[in-house]
Amino acid sequence: MWTARDTPAESGECRPCRTFGSGRSGRGGNATEPSELRHANHVDVGSVPDDCAVDLEEDSMTEQAPDHEQGSPTATEILKHEHQLVMLVVEAMEREADKIETTGEIDSDDVARMVDFSENFTDGCHHAKEEKSLFPRLRESNAGMQAPTSVMLQQHESGRQRIRAVDAALPAARQGDADATRLVAENLRAYAVGLRDHIGKENEVLFPMADGILSPDDQRRLAIEFDRIESEEIGAGVHEKYHAMARELAGKGA
Ligand SMILES: [Fe+2]
């Protein structure tokens, strides 16, 4: 049972500016999720940083986390910055779904890039940092974090299923199959709505809780782990490719 008693008193800064619905469970959230998560429906998209990767030395993974310059982003700040990039693609997905539903026309190449971004950046890089590093650390530190991180993991998996459905329908949609095109739009929409809600919960509830649990040293260690995960999961320099892709997809609707 996840109760307010388990919630750390300290909360990190949150700058909400957008209202989002929830994912496959519909607006209002999943009835099984902790109440704190159910009420998080805002997320700050804000300005997207030029580079949300941190520049940390691999060989600094030592017993004692290294000192960093004042102002280095914390682990949760790094993840929030990545959310801003992810939201550019989520918005592009919503525009594509709108266009398909209105005109029946699909930009298959753009949808293929949305799938690529979602599989390799959102899931392969960003969610990997949360699942392999942040969430386990939070569960180790506080038994009360088991429930909220489990909800986040379920939502990651729901998103993967939606992206797989888009990918499966795309070849037929590219050939003009109307049913397949409709499936692409439905799953793009569901993925986008779900991820908006998910990011809102992380930005407004989970990360402030994490900021209250994690020490500055914990945050530095996690940031170093993120750097390692990023280089192992997507490779050096690939992060920049996905930054450019997100900005290009965002520019299409500007
Ligand atoms: Fe996230």
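The values are calculated or read from the model by the stated rules, or taken from the named source; none is laboratory data. These figures come from a predicted structure and were not determined experimentally. Backbone-built Cβ (ideal geometry, glycine too); neighbour counts: all protein chains shown.
List of remarks:
- All positions within the range 218-254 that are free of Cβ contacts under 8 Å to residues at least 60 places away in the same chain and within 18 Å of the chain's Cα centre (by Cα): LYS241, ALA244
- The numbered conditions (1) within 16 Å of the ligand (Cβ to nearest atom); (2) modelled with pLDDT of 95 or more are all true for ARG189 except (1).
- Wholly within the range 62-168, helices (runs of 4 or more DSSP H) carrying at least 2 residues that are out of contact with any helix residue (DSSP H, G or I) (no Cβ under 7 Å at 6 or more places or on another chain), at pLDDT 95 or above and crowded, with 16+ Cβ neighbours inside 10 Å: 75-103
- Filtered residue count, the range 130-152, keeping only those that are in contact (Cβ under 8 Å) with a residue 40 or more places away in the chain and under 17 Å from the mean Cα position of the chain (by Cα): 8
- Single condition ALA178 does not satisfy, out of (1) under 19 Å from PHE121 (Cβ atoms); (2) more than 16 Å from the ligand (Cβ to nearest atom); (3) among the small types (Gly, Ala, Ser): (1)
- Pairs, first closer than 14 Å to ARG164 by Cα in the range 118-129, second assigned to a helix (DSSP H, G or I) and near the ligand (Cβ under 10 Å from one of its atoms), C-beta under 7 Å, six or more apart: THR122/VAL86
- When HIS198 is tested against (1) in a helix (DSSP H, G or I); (2) away from the ligand (no atom under 16 Å from the Cβ), only condition (2) is not met.
- Screening ALA172 on (1) surrounded by 18 or more Cβ atoms within 10 Å (Cβ to Cβ); (2) small (Gly, Ala, Ser); (3) in contact with a helix residue (DSSP H, G or I) (Cβ under 7 Å, 6 or more places away or on another chain) shows it passes everything except condition (1).
- Which listed residue, of MET93, MET114, MET87, is within 15 Å of the ligand (Cβ to nearest atom) and under 15 Å from the mean Cα position of the chain (by Cα): MET87
- Members of the range 222-242 found to be of a type in the set (D, E, K, R) and under 14 Å from LEU79 (Cα atoms), listed by number: GLU225, ASP227, GLU230
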